[in-house]
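Novice: Sharing a structure here in structure tokens format.
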Amino acid sequence: MSSYKLLFVCLGNICRSPSAENIMNHLIEQAGLSDSIFCDSAGTSSYHIGSLPDRRMTVAAEHRGIILKGRARQFQKSDFEEFDLILAMDHQNYRDILSLDSGMKYLDKVRLMCEFAWHHSEQEVPDPYYGGSEGFNRVIDLLLDACEGLLQQVVKNEALRARP
Ligand code: 4NP
């Protein structure tokens, strides 16, 4: 069975989207679904291509037992075909992604990450880049919630089941 493919997208791909990718992978591993769901992340900008996740984000994630892996890359048009679901961290990311889809062919594949959160009412995952450590911790808390909701939704919709 081929994997269901999720792509998390923010501006720089060094704070929010790599956190979402690695948190989701953590939950997927716990659920025994690593063979069924594949995750990646990207940025709408080219600012940090090739960079490791931001050190402040890495520290905040480590406090919750999540190791951030990966290098930044830029979102590209081919990602629309490559992935089943594209999760934007904020409204600007959402607009920037869809600005590359002039025919609105992939509109249904692009969603806001916060739609999947159960315990947080935020509409966006706030950009922590120019703030203090509190903002990075908030990103992790919000993403843990949204990733749990997202995983439940994907399992339900795709009828994915953990293998013994
Ligand atoms: P991210 O955070 O989009 O969550 O990776 C940012 C990273 C870098 C910049 C802004 C936000 N920047 O302006 O360089």
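Where a number appears in this text, it was derived from the coordinates with a stated rule and is not lab data. This is a predicted model, so every value here is computed, not measured. Here the Cβ is made from the backbone with ideal geometry for all residues, glycine too, and neighbour counts use every protein chain on show.
Novice: Write out the trypsin sites (Lys or Arg not before Pro) in the stretch 1-87 meeting two conditions: DSSP loop, and at most 14 other Cβ atoms within 10 Å of their Cβ. Each step should come with its number before you reach the end.
Specialist: Details: sites: LYS5, ARG16, ARG55, ARG56, ARG64, LYS69, ARG71, ARG73, LYS77; in loops: ARG64, LYS69, ARG71, ARG73, LYS77.
Passing both the DSSP loop test and the Cβ count: ARG64, LYS69, ARG71, LYS77.
Novice: Here is a follow-up. With a/c under 1.5 counting as rounded, go ahead and sort the stretch 1-69 into rounded, prolate or oblate using the C-alpha gyration tensor (a ≥ b ≥ c being the square roots of the eigenvalues; past the cut-off, prolate if a/b is larger than b/c, else oblate). Let's see the in-between values first.
Specialist: Numbers: a/c = 3.05, a/b = 1.34, b/c = 2.27.
Oblate.
Novice: Here is a further query. Which of MET104, MET89, MET57 moves most in a GNM of the chain, Cα contacts under 10 Å?
Specialist: Greatest mean-square fluctuation among the candidates belongs to MET104.
Novice: Now for a different question. How much length is gained if the chain between MET104 and SER34 is pulled fully straight, taking 0.36 nm per residue apart and subtracting their Cα-Cα distance, in nm to one decimal?
Specialist: My answer for the length gained is 22.1 nm.
Novice: Compute the label zone of ASP141 within the stretch 56-88: residues whose backbone N is under 19 Å from the point 7 Å along Cα-to-Cβ.
Specialist: 56-66
Novice: If you don't mind, there's one more thing I want to ask. Quick one: Cα centre-to-centre distance for the stretch 138-156 and the stretch 1-73, in angstrom?
Specialist: 13 Å
Novice: With +1 on each Lys and Arg Cβ and -1 on each Asp and Glu Cβ, how big is the dipole of the stretch 1-142 about its Cα centre, in debye rounded to the nearest 20?
Specialist: Working: 14 positive and 20 negative charges, 62 e Å.
Dipole of the stretch 1-142, to the nearest 20 debye: 300 debye.
Novice: Would you mind classifying the stretch 1-119 by shape? Square roots of the alpha carbon gyration tensor eigenvalues, ordered a ≥ b ≥ c; an a/c under 1.5 is rounded, otherwise it is prolate if a/b is larger than b/c and oblate if not. Don't skip to the end; give the middle numbers.
Specialist: Values: a/c = 1.67, a/b = 1.21, b/c = 1.38.
Oblate is the answer for the stretch 1-119, as a/c is 1.5 or above yet b/c matches or exceeds a/b.
Novice: Please report, ordered by residue number, every helix of the chain (full DSSP H runs) that is 27 Å or longer along its axis going by C-alpha atoms and whose mean Kyte-Doolittle hydropathy reaches -1.0. It would help to have the intermediate numbers written out before the result.
Specialist: Working: long enough: 133-158 (37 Å, 0.07).
Qualifying helices: 133-158.
Novice: Take the Cα of SER133, step 7 Å along the line toward its Cβ, and report every residue of the stretch 46-83 whose backbone nitrogen sits under 17 Å from that point.
Specialist: The answer is 54-66.
Novice: So how far apart, in nm, are the two label points at GLN92 and GLN76 if each is 7 Å from Cα heading toward Cβ?
Specialist: Going from the GLN92 label point to the GLN76 one covers 2.5 nm.
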